[in-house]
1. Which of the aspartates and glutamates could a cross-linker span from residue A:51 if the Cα-Cα distance has to be under 16 Å and same-chain partners fewer than 8 positions apart are dropped?
2. Cα-Cα over 25 Å: which of A:71/B:38; A:71/B:37; A:62/B:38; A:27/B:37; A:44/B:37; A:62/B:68?
3. If contacts are Cα pairs under 8 angstrom and at least 6 residues apart, what is the relative contact order of chain A in percent?
4. Please compute the contact order of region A:45-101 in relative form: average sequence separation of alpha-carbon pairs under 8 Å and at least six residues apart, divided by the residue count, as a percent.
5. Would region B:1-96 count as rounded, prolate or oblate if I go by the C-alpha gyration tensor, calling it rounded below 1.5 in a/c and otherwise prolate when a/b exceeds b/c, oblate otherwise?
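A short reminder: the numbers here are calculations on the coordinates, not readings from a lab. Only a predicted model underlies this, so the values are computations on that prediction, with no experimental measurement involved.
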Amino acid sequence: NAGVMQNPRHLVRRRGQEARLRCSPMKGHSHVYWYRQLPEEGLKFMVYLQKENIIDESGMPKERFSAEFPKEGPSILRIQQVVRGDSAAYFCASSPFTGNTEAFFGQGTRLTVV
Amino acid sequence: DQQVKQNSPSLSVQEGRISILNCDYTNSMFDYFLWYKKYPAEGPTFLISISSIKDKNEDGRFTVFLNKSAKHLSLHIVPSQPGDSAVYFCAASANAGKSTFGDGTTLTVKP
């Protein structure tokens, strides 16, 4: 059973470009979470999605950031018009159900904006 | 407003001794607590959890203690091993929602 797969592992974008980060949850998991880790900081919650629905986006910046988890295919975190401050590690996690359970994390995508 | 705080950025212990990692929280609605371990260039991996209805949960060398009145939890690792060297994150959730993470504590276990 493959774990949570994130790609790409490393992504370099110039300021103003778009970044698309992909996350395939573990098989059978329908709940996906995105977190961001800035240098020397902890994991900051961004968004929680179930299939085709955004459940909690309280951690998402109001502009330029969006996320989706379509019925088919991976979850996508999209950052438009990237700025240097977007440089960070972005982690995706999945869980099989809602409730008190641990989440399984991918290896992350390290975004560098130059 | 940081709801989960790990006040010690780093901790160094000798192999074979006990490691105690601490975590404080402010949100009284939190009812489930987790510890994750993270190696460089990898994602966090789940270690152990505890529900607010308990005050202790043990799994092998790892024990988590919860003091609800103090809004404090701790992770004990005994005996500590060099392979335990990693960043440890405390996390908390309320009503089966998202987990809120602390900033992590870097544990170094010296041989």
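1. The reachable aspartates and glutamates, counting only those whose Cα sits under 16 Å from residue A:51, are A:68, A:72.
2. A:71/B:38; A:71/B:37; A:62/B:38; A:62/B:68
3. That works out to 37 percent.
4. Working: 56 pairs, mean separation 12.5, N = 57.
Here the relative contact order equals 22 percent.
5. Prolate shape, in that a/c is at least 1.5 and a/b is the bigger ratio.
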